[in-house]
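Notes to accompany the following structure.
The values are calculated or read from the model by the stated rules, or taken from the named source; none is laboratory data. Because the structure is a prediction, the values reported are computed rather than measured. Backbone-built Cβ (ideal geometry, glycine too); neighbour counts: all protein chains shown. Only protein heavy atoms, including side chains, enter the accessible area calculation; ligands, DNA and RNA are left aside. Shrake-Rupley method; radii C 1.70, N 1.55, O 1.52, S 1.80 Å.
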Amino acid sequence: MTRGQADIAVVGAGMVGAAAAALLARAAPDCAVVVLDAEQPPRWNPGEEPGLRVSALSEASRRVLEACGAWEEIAAARISPYRSMRVWDGEVPAGGPGAIRFDAADVAQPVLGHIVENELVRLALRNALLRLSNVRLLDGARLATLALEGDSAELGVEDGRRLRARLVIGADGAGAPSRALAGLEVHGHDYEQRAVVCNLRCQLPHRETAWQRFLPEGPIALLPLADGRVSIVWSTTPERAERLLALDDERFRAAVAEASDGCLGEVLAAGPRAAFPLRMRHAPVYTRARYALVGDAAHTVHPLAGQGVNLGFLDAAAIAEVVGGGVAAGRDPGDPALLRRYERWRKPENLLSMRAFDGINRLFSNDNPGLGTLRRAGLTLVDRLAPLKGAFIRRAMGLEGDLPAVARGGLAEV
């Protein structure tokens, strides 16, 4: 049995956990940061097919990744900007009443965001961590025990390794073993939907546009990829998802073309498919003594707006700013007052976004005629009111709200 010491331990090396570790290490350069990674190291190769799991990274997330030292590697690889979004109700054509168009030019920005493979983001963040002298990565480190004591926390790994730290960050995903060991709960509900994902080649070019059509069973989104293909995220009932996974290639392509209203013409080719369940979860309490939640460990949202990881990156930037500022002032990184400040900052912002996404999904994922009239009128109104539409765009890009300094494109104040 070996025992190690650290100032900060981050449990989880997914996108948000790795970002939190990189930002904390940079904000508090005199602190030793250790990262427990229970997953396999990221696998990404430019010669291989694009991965099935992609994220729509906002401008705020790009700035966060730049502050982590990861964006340059990501931008040099395989990414696709998206400059426009088309969103429409399933009962109307993509360009008819009840449809809305968002363009980066509406808010004087070059792009709305970037579609990036999750494994590429993980790889770039891992490489960024390896370049930091005050960070230590523990591969194959699956958390088994967690004791939150007076002046430190003790972490036990399944292979017998033990570690003491003054602050533990729970970034180990929606299931979050660390959250359970810390005695924190999550509340929420299942959507009774599954998201079917697949990469497609279509007849028409995507024109660096993200397309989303709302259907009674859930939305279907077509996200532009760097090689001209699109990645679909089709939220539907579990029964329909199973049928879609079982269809032969020709029938699946036809089903996608019909569900997307042929916005990109015929679907010419489809890659492998997968599906995952959709849930909304939120932790009523983000922190306790020497422990704090970030990302999916604190909240999971519906993928319809593509904002899940963007909220997580803002969590990572916020806790790094708060803890880094505290350490610079001579305070303990696990000071409960610092952690409460982080919770007071991010919890209301996350709740606002979660309730908005949940409300949109409930409004659109049904076949109620009265609600159909209401939502089409709402979309038309937003499309015609430039200030309101601009506010929607800026919020989605992470350019509005109570943002961490690095998400605003600046340095954290200490």
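Only bridges with both residues in segment 1-130 count here: give the DSSP antiparallel percent, nearest 5.
About 80 percent, rounded to the nearest 5.
Round to a whole angstrom and tell me the spacing of the C-alpha centers of segment 1-63 and segment 206-262.
Centre-to-centre distance over Cα atoms comes out at 30 Å.
Quick one: if you stick a label point 7 Å off each Cα along the C-beta vector at Ala337 and Arg101, how many nm between them?
If labels sit at Ala337 and Arg101, their model points lie 5.4 nm apart.
Taking amide H atoms as placed 1.01 Å from N in the peptide plane, list the residues 5 or more away in sequence, or in a different chain, whose amide H sits under 5 Å from that of Gln193.
Leu278
I'm a student and want to see the number: the projected area of the Cα convex hull of segment 52-144, averaged over all directions, in nm².
Computed as one quarter of the Cα hull surface, the answer is 9.5 nm².
Counting only C-alpha contacts under 8 Å and six or more residues apart, can you give the relative contact order of the chain as a whole percent?
Over the chain, the number comes to 22 percent.
Estimate the FRET efficiency between Arg279 and Gln5 by the formula 1/(1 + (r/R0)^6), using the beta-carbon distance for r and 45 Å for R0, to the nearest 0.05.
According to the calculation, E is roughly 0.75.
Contour minus end-to-end for Ser133 and Leu351, with contour as 0.36 nm per residue of separation and end-to-end as the Cα-Cα distance?
Additional length available on full extension: 74.9 nm.
Leaving out ligands, DNA and RNA, what percent of the accessible area of the chain is carbon and sulfur, probe 1.4 Å?
52
Evaluate the distance, in nm, between pseudo-label points positioned 7 Å from the Cα of Ala147 and of Ala77 along their respective Cα→Cβ axes.
4.0
Consider all pairwise Cα distances in segment 186-262 and report the whole-number % of them above 22 Å.
Within segment 186-262, distances greater than 22 Å cover 24 percent of Cα pairs.
Answer rounded, prolate or oblate for segment 96-198, using the Cα gyration tensor with square roots of eigenvalues a ≥ b ≥ c: rounded when a/c is under 1.5, else prolate when a/b is larger than b/c, else oblate.
Verdict is prolate for segment 96-198.
For Tyr291, what residues show an amide H to amide H distance below 5 Å, using hydrogens built from the backbone and excluding near sequence neighbours?
Residues meeting the criterion, in which the H sits 1.01 Å from N, are Val168.
List the residues whose amide H sits under 5 Å from the amide H of Ser80, counting only those 5 or more places along or on another chain, with H placed 1.01 Å from N in the peptide plane.
Ile115, Ala226
Anyone know which of Glu66, Glu39, Glu49 comes out most mobile in the 10 Å Cα GNM of the chain?
Top of the fluctuation ranking is Glu49.
Work out from phi, with θ = phi - 60° and the Karplus expression 6.51 cos²θ - 1.76 cosθ + 1.60, the ³J(HN,Hα) of each residue of segment 6-17, listed in order in whole Hz, and give x for Gly and Pro.
Coupling constants for segment 6-17: 8, 7, 10, 10, 9, 8, x, 10, x, 4, 6, x Hz.
For the chain, how big is the tail of P(r) above 32 Å, as a whole percent of Cα pairs?
The calculated P(r) of the chain puts 35 percent of pairs beyond 32 Å.
What is the calculated FRET efficiency for Glu48 to Asp190, with r their C-beta to C-beta distance and R₀ = 30 Å, to the nearest 0.05?
E between Glu48 and Asp190, to the nearest 0.05, is 0.35.
Rounded to the nearest 5, what % of the DSSP beta bridges within the chain are antiparallel ones?
In the chain, approximately 70 percent of DSSP beta bridges are antiparallel ones.
When ligands, DNA and RNA are left out and all protein chains stay put, how many square angstrom of accessible area per residue does the chain have with a 1.4 Å probe?
42
Determine the relative contact order of segment 70-183: mean sequence separation of Cα pairs under 8 Å and six or more apart, normalised by residue count, in whole percent.
This gives 18 percent for segment 70-183.
Assuming R0 = 30 Å, what is the FRET efficiency of Asp30 and Asp159, from their Cβ-Cβ distance, to the nearest 0.05?
Efficiency, from the Cβ-Cβ distance: 0.55.
So which residue, out of His206, His187, His114, gets the largest mean-square fluctuation from a GNM of the chain using Cα contacts under 10 Å as springs?
Sorting by GNM fluctuation, first place goes to His187.
Using helices alone, what [θ] at 222 nm do you get for the chain, with -39,500 (n - 2.57) per DSSP H run of 4 or more residues, divided over all residues and rounded to the nearest 500?
-11000 deg cm²/dmol
Normalised by the number of residues in segment 234-325, what is the relative contact order in percent for Cα pairs under 8 Å and 6+ residues apart?
Relative contact order for segment 234-325 comes out at 18 percent.
Describe numerically, in nm with one decimal, the distance between label points set 7 Å from Cα along Cα→Cβ at Asp402 and at Ala269.
Taking the two extended label points, one gets 5.0 nm.
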